[in-house]
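As structure tokens, the structure follows; a few thoughts come after it.
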Amino acid sequence: MSPYPAENAAFRQSVLDALELADALFRGLDSQRCAELCRENLSGRFGTLPAQAAHLTDALAALQARLPAADGSSDTAAFCDALQAEHVRLFINDKAGAPALPYESLYPDPADGVEPRMMGAAALAMQKRLQAAGLERAVSANEPPDHLCIELEYLYYLLSRAWNEADTAAQDAAADFAAGVLLPWTRRLRLAVCRADTTGVYAAAAQVLLAVLNLVASLRVQ
């Protein structure tokens, strides 16, 4: 049984909000959403998390510390411009090659001896999950199915179904997907981000990502 108060609506919403925040950061913030994040008090927003989730609240506090002060003493527009440029460099395109492309196929377990390549077995497996859930048309056709944000949206879907429909099988599926699929490769992604990030924001975002995934992985019911 999970040590977390999964019957608590505020706790559940905090978990979904943390997933949504991670998704937004790795998808890339436009100027408006970036400014909103800079004005936000993450400690207040996630104040309903229980003491057992300190690993997530600590990660959120570390992310908050990387953001401009909300009192207007910092140049938020310049910060957001720099953050958008860094997102492109890290995750999309750089003249030397983007150092942290967010696709599961590029981060296989070294012990498996699989060569990292786009649209590998991980992408095909993710495509099958989306098809089984009837979600293949709901995701961007411009991205391989093993893009981090597509996998996060699938996890969000599983948790939402679990909690809106009292579906314990969906909650177990979410926990298993977080533990068995997302966590192994995003740990390796985090290392790539931490080596290359010049702002510290995405390194902090990667820690938030791992913290919320660890929390979801602990929510298995059966």
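The values are calculated or read from the model by the stated rules, or taken from the named source; none is laboratory data. Only a predicted model underlies this, so the values are computations on that prediction, with no experimental measurement involved. Neighbour counts run over all protein chains shown; Cβ positions are idealised from the backbone, glycine included. We work out accessible area using only protein heavy atoms, side chains counted, and drop any ligands, DNA or RNA first. Shrake-Rupley method; radii C 1.70, N 1.55, O 1.52, S 1.80 Å.
General observations
- Judged by a Cβ-Cβ distance under 4.7 Å, the unpaired cysteines of the chain are C38, C149, C194.
- Here the contact order of the chain, divided by its residue count and restricted to Cα pairs under 8 Å and six or more residues apart, works out to 30 percent.
- Percent carbon-and-sulfur accessible area, the chain, ignoring ligands, DNA and RNA, probe 1.4 Å: 51
- Charge dipole (Cα centre; +1 on Lys/Arg Cβ, -1 on Asp/Glu Cβ; no other charges) of region 6-218 amounts to roughly 260 debye.
- Largest-first ordering by accessible area, 1.4 Å probe, given options T168, T199: T168, T199
- Positive-pole candidate from A98, A166, A53, dipole of region 6-218, charges at beta carbon: A98
- Computed [θ] at 222 nm, deg cm²/dmol, the chain (DSSP H ≥ 4; -39,500 (n - 2.57); rounded to nearest 500): -19000 deg cm²/dmol
- Environment charge of A122, counting only residues whose C-beta is closer than 14 Å and scoring Lys/Arg +1, Asp/Glu -1: -3
- Shape summary: region 6-218 maps onto an equivalent ellipsoid whose semi-axes, from the alpha-carbon gyration tensor, are 26, 24, 15 Å in decreasing order.
- Over the chain, accessible surface divided per residue gives 47 Å², non-protein components excluded, 1.4 Å probe.
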